[in-house]
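Trainee: Below: one structure in structure tokens.
The values are calculated or read from the model by the stated rules, or taken from the named source; none is laboratory data. In this text the structure is predicted, and so the values were computed from the model without any measurement. When we count neighbours, we look across all protein chains shown, and the Cβ atoms used for this are built from the backbone with ideal geometry, even at glycine.
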Amino acid sequence: MAYVNGAARERPGSVPPAMTAPVSELAETATMNKERFQEIKQRLIEPFNSEEIKWRVTATSTIQTKHGPQKRGQLIAYADQRAYTDRLNSVFGEWGWTRDYDVQVAQNFERRTASDKSQSAVAAKVVVVSRVTIHGLGTHTGVGEEWADDENAATRAEAQAFKRACACFGLGRYLYDLDKTWVDLDQSNRPAYTPSLPEWALPASRQPQQRASAPVPKPSSAGNGAPRNGLVRDEALAAITTLCDKVGFSLSQSTLQKYGGSTDLKRLGYAKLTLVMDKMTDLSRGIERLVAGRAVLGDAAYSALCREMNLASDSIDDIPDRDTLRVLVERVEEQARSKAPTAATHPASGRIAEARGRLLQAARKHADRTRKRLADVIEQASVGTLTLDRLKDLTDANVPEVEAATARLQ
């Protein structure tokens, strides 16, 4: 069944679809002069106002903090289809463009059941094809789909198809280039705060005037509106390879097998790569704490502790799994605290004072940007090992963990 601008009617078979021509070629025709073409192009690719941007949680994970488990979510930015409609009406007027839809129900898709992921069932999908035609420019098509058991399946698939067609004209295309962001979630699985958009993702009128002469570059994307999946995947592979070297052989292999299903990175899809990278990042923070504690404890005492825990050696490569790392870090830090001199007998020197100052400066900037409490920022950056009240009591022995927390904020 076909729908045109929301009204259902049959599309006459004798009328051919609108011809689609490259916009660069149409700009050379008599339909519009080059100045008008450039004006239209700039208005289409102009980012939406930040008030029109919403955030959707696409993946979740849980990390351990000083106060217990903390749920985190991966967010992607999107705009409601009404923002797309308003922009098209603003540029071309209500009569300068049209859209129509084809709606179909596709059967025989295999899907894992919600109650038991090990079981699968045959399901159907609502598939919508949207054609957006701009008079004088041409037509682009987008496809949207949603599982038919969703009561809003048609609405969701329609919006997805319409926005994908608009992206072919450049409208909203920049949203595909925004990085995915991980933030803390509240008890209702909602983001604890709204991420800030980079300057290049803001309308020109909203960008800081003092930086107008040197704007932040927008990430490059593939031609013809293609997503930069290949580039993003390569970046993820490079980041995970670096993290594997940092956390050691045994930890990296067990993490890849547990969360990726394979120790061969090249066999993992992007979704699993993202999950593995999140887990590896969490492990790397534990390794940083371990290294800082070992520096205070000393190699001899650390080796003795590893033998006590029946580890093969005191090498990071021989820490077999996440639970062993957690226990090792806790015991190393406990012994290091008992061995470290107190602030009363050994006043803080210039090293810790400088490190503390850099941490406070970075934490204040982060708190201003995210609208979070300074104490919470410091605690999260230090993975629960530092508090705002405790900063004044730190000594040179704490410089490594202070610098590690500062690095996470930069």
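Trainee: So residue 327 passes all but one of these: (1) within 26 Å of the chain's Cα centre (by Cα); (2) modelled with pLDDT of 80 or more. Which condition number does it fail?
Mentor: Of everything listed in (1) within 26 Å of the chain's Cα centre (by Cα); (2) modelled with pLDDT of 80 or more, residue 327 misses just condition (1).
A quick yes/no check of all residues on (1) assigned to a helix (DSSP H, G or I); (2) modelled with pLDDT under 55; (3) crowded, with 16+ Cβ neighbours inside 10 Å; (4) at positive phi:
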site: 200; (1), (2), (3), (4): yes, no, no, no
site: 214; (1), (2), (3), (4): no, yes, no, no
site: 217; (1), (2), (3), (4): no, yes, no, no
site: 240; (1), (2), (3), (4): yes, no, yes, no
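Trainee: Sticking with this structure for a sec: Going through 71, 117 one at a time, which residue ends up being at pLDDT below 90 and within 23 Å of the chain's Cα centre (by Cα)?
Mentor: Details: 117 fails: within 23 Å of the chain's Cα centre (by Cα).
After applying the criteria, what remains is 71.
Trainee: For the range 42-89, which positions are farther than 30 Å from residue 330 by Cα, of a type in the set (Ser, Thr, Tyr) and part of a strand (DSSP E or B)? Full working, then the answer.
Mentor: Within the range 42-89, the subset farther than 30 Å from residue 330 by Cα is 42-58, 75-89.
Pick out the ones that are also of a type in the set (Ser, Thr, Tyr) and you get 50, 58, 78, 84-85.
58, 78 - these are the residues of the range 42-89 that are farther than 30 Å from residue 330 by Cα, of a type in the set (Ser, Thr, Tyr) and part of a strand (DSSP E or B).
Trainee: Within the bounds of the range 96-106, is there any residue that is part of a loop (DSSP other than H, G, I, E, B), among the β-branched types (Val, Ile, Thr) and either more than 30 Å from residue 36 (Cα to Cα) or not assigned by TED's automatic domain parsing to the domain that holds residue 384 (or both)?
Mentor: No - not one qualifying residue is present in the range 96-106.
Trainee: If you don't mind, another one. Inside the range 247-268, can you point out the residues that are over 22 Å from residue 288 (Cα atoms) and not in a helix (DSSP H, G or I)?
Mentor: Within the range 247-268, 261, 262, 263, 264, 268 qualify.
Trainee: Which members of the range 384-409 meet the condition of being surrounded by 15 or more Cβ atoms within 10 Å (Cβ to Cβ) and among the basic types (Lys, Arg)?
Mentor: 408
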